[in-house]
Amino acid sequence: MTDAVLLNSGGIDSRVAAAIMAGEDYGWHLHSLHIPFNPYNREACKGAAGRTAAMYCKSHEIASEPDNWITQFKGFKGCPHTGVYVHLLGAMYAVYRGFKWVVSGYRSDVMAFDWTGDLTNLLSASKVHQGPVFSMPLKLYKGAADGLEVAKEIGVDVSDTHSCWTDPPCGTCHKCEARSGTTATVGGSGVHSQ
């Protein structure tokens with residue numbers, strides 16, 4: 001049985017990644033790590049991450065957050081470089097727990113630059129990790145525009161997840177726009193937790 005850290009934001013992609021890797025095709029034992037990095041949605045995301053962990057994980061840990069490093073740019077208000085930061089902390093936590101793998105809902109296939117290979121090479125050069133570190137199961141669904149489509153395809157309920165940068169959800173950011181019109185097919189009220 002493979003034990004792995006699940007980087008668990010409390011959002012749709014984390015829930016879907018957990019469902020895939022803990023499901024019957026893989027059967028991994030996941031150990032949730034939630035790293036809050038935005039004081040404007042911290043409690044909603046912590047709650048949603050806890051619900052994902054309760055459904056798919058053997059354990060759940062909440063890390064301390066450096067939320068005093070808040071930056072505002074391009075309509076985003078939060079800690080910068082959170083993707084790299086969260087994945088590096090996930091890799092450190094995996095070493096601490098004695099695991100080889102970190103499962104992430106991160107969608108590098110839709111990003112302008114895929115830094116995950118560089119981070120894996122950096123971790124391998126440290127002689128602590130050898131070989132692959134990150135499992136990003138949403139990459140298996142290249143035809144899907146986002147985790148919400150994958151959730152629908154594989155039948156994962158995401159009605160109690162939270163993705164907006166604010167709580168309550170703003171309804172206007174790109175994450176809220178992606179969720180709009182999903183009530184009938186996925187459940188929940190706009191599939192945001194509130």
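The values are calculated or read from the model by the stated rules, or taken from the named source; none is laboratory data. Keep in mind the model is a prediction, meaning the values are calculated, not measured. Note: ideal-geometry Cβ built from the backbone for every residue, glycine included; neighbour counts use all protein chains shown. Keep in mind that these areas ignore ligands, DNA and RNA; they rest on the heavy atoms of the full protein, side chains included. Shrake-Rupley method; radii C 1.70, N 1.55, O 1.52, S 1.80 Å.
Considering only protein heavy atoms, what is the solvent-accessible area of Phe99 at a probe of 1.4 Å, reported in Å² to the nearest 10?
Result for Phe99: roughly 30 Å² accessible.
For Ile154, what accessible surface area do you get with a 1.4 Å probe? Give it in Å², rounded to 10.
Result for Ile154: roughly 60 Å² accessible.
If I ignore ligands, DNA and RNA and count only protein heavy atoms, how much of Lys58 is accessible to a 1.4 Å probe, in Å² to the nearest 10?
130
For Gln72 and His29, what is the calculated FRET efficiency with R₀ set at 30 Å and r taken between the beta-carbons, to the nearest 0.05?
With a Förster radius of 30 Å, E is 0.15.
Distance in nm between label sites at Ala125 and Thr2, each 7 Å beyond Cα in the beta-carbon direction?
So the two model labels end up 2.6 nm from each other.
May I ask you to compute the full-extension gain from Asp157 to Thr172, defined as 0.36 nm times their residue separation minus their alpha-carbon distance, rounded to one decimal in nm?
3.1 nm
Note down the nm distance, to one decimal, between modelled labels 7 Å out along Cα→Cβ at Ile62 and at Arg97.
1.7
Sort the following peptides by mean Cβ neighbour count (other Cβ atoms within 10 Å, averaged over residues), highest first: 24-30, 84-90.
Highest to lowest by the protection proxy: 84-90, 24-30.
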